[in-house]
Amino acid sequence: MKLAFSAASPYVRKAMACAIARGIDGQIEKWSIKTSDPTLQAANPLSKVPTLIGANGEMLFDSPVICEYLDSIGSAPGLFPAPGPARWVALRQQALADGIMDASQPRRRELALPQDDGRVEWIALQRGKVERAVDALETEADSLGDLTTIGEITIGCALGYLDFRFPHEPWRPGHPKLEAWYAQVVLLPPLAGTMPVG
Ligand SMILES: N[C@@H](CCC(=O)N[C@@H](CS)C(=O)NCC(=O)O)C(=O)O
């Protein structure tokens, strides 16, 4: 398998963290490629990382699809619970944490935006999404485990991305339970082995 890769991407990190959690990361070749590269554009019309070329040549994106594909390989316990209440919790948590990344990652370009009221409003809108999402996670932090579901892995990657790119906007104040959970899980192989760089 080959994974279009960026060491700074929280979505790529999520895919690699799933692979590590399931013991199949050794089967993944990291493919460092720019999103402007025609080879990636041919593989994925959206030209984003992560994109996975599967064991049988399947082109897979985006990260929820890649992670579910990785969950179908090997014999380790699944990260996507079977249909039932636990699955909806895990998928909702994945969506919430993906949403933190979706609201944060485009802010990398905010300095290039026109210095007008629209910029201020857009940044405030994105920050509001992240703040409400982190507040919501605090209310369920007691129930979070040791990165055994796609939800927990995605939450770990999202909080790690906030630390990585937005250390000047700390998420920990007011969220002691989430802070304590993250301090434990960031030491586990799926997150410890995928710290962002860039
Ligand atoms: N929803 C996608 C988001 C992937 C994404 O936005 N990746 C960024 C890098 S962190 C990217 O490739 N951006 C390039 C672009 O949008 O052109 C996923 O979950 O995989």
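Before moving on, here are some points about what is shown:
- For segment 42-55, the tally of residues that are modelled with pLDDT under 95 and either open to solvent by 80 Å² or more (accessible area, probe 1.4 Å) or aromatic (F, W, Y) (or both) stands at 1.
- Which listed residue, of S36, S104, is within 14 Å of the ligand (Cβ to nearest atom), modelled with pLDDT of 95 or more, open to solvent by less than 70 Å² (accessible area, probe 1.4 Å) and not charged (D, E, K, R): S104
Rundown of residues vs (1) of a type outside the set (D, E, K, R); (2) touching a Leu at 6+ places or on another chain (Cβ under 7 Å); (3) in the same structural domain as G23 (by TED's automatic domain parsing), yes/no style:
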| site | (1), (2), (3) |
| --- | --- |
| P38 | yes, no, yes |
| L46 | yes, no, yes |
| T51 | yes, yes, yes |
| N56 | yes, no, yes |
| M59 | yes, no, yes |
| S63 | yes, no, yes |
| I66 | yes, yes, yes |
| A76 | yes, no, no |
| L79 | yes, no, no |
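- In segment 61-101, the residues that are touching a strand residue (DSSP E or B) at 6+ places or on another chain (Cβ under 7 Å) and either open to solvent by less than 40 Å² (accessible area, probe 1.4 Å) or in a helix (DSSP H, G or I) (or both): I66, Y69
- Residues of segment 174-194 that are surrounded by fewer than 16 Cβ atoms within 10 Å (Cβ to Cβ) and either under 17 Å from K14 (Cα atoms) or of a type in the set (V, I, T) (or both): L187, P189, A192, G193.
The values are calculated or read from the model by the stated rules, or taken from the named source; none is laboratory data. Only a predicted model underlies this, so the values are computations on that prediction, with no experimental measurement involved. With ideal geometry, Cβ positions are generated from the backbone for all residues, glycine too; neighbour counts draw on all protein chains shown. These area figures cover heavy atoms from the full protein model, side chains too; ligands, DNA and RNA do not enter into them. Shrake-Rupley method; radii C 1.70, N 1.55, O 1.52, S 1.80 Å.
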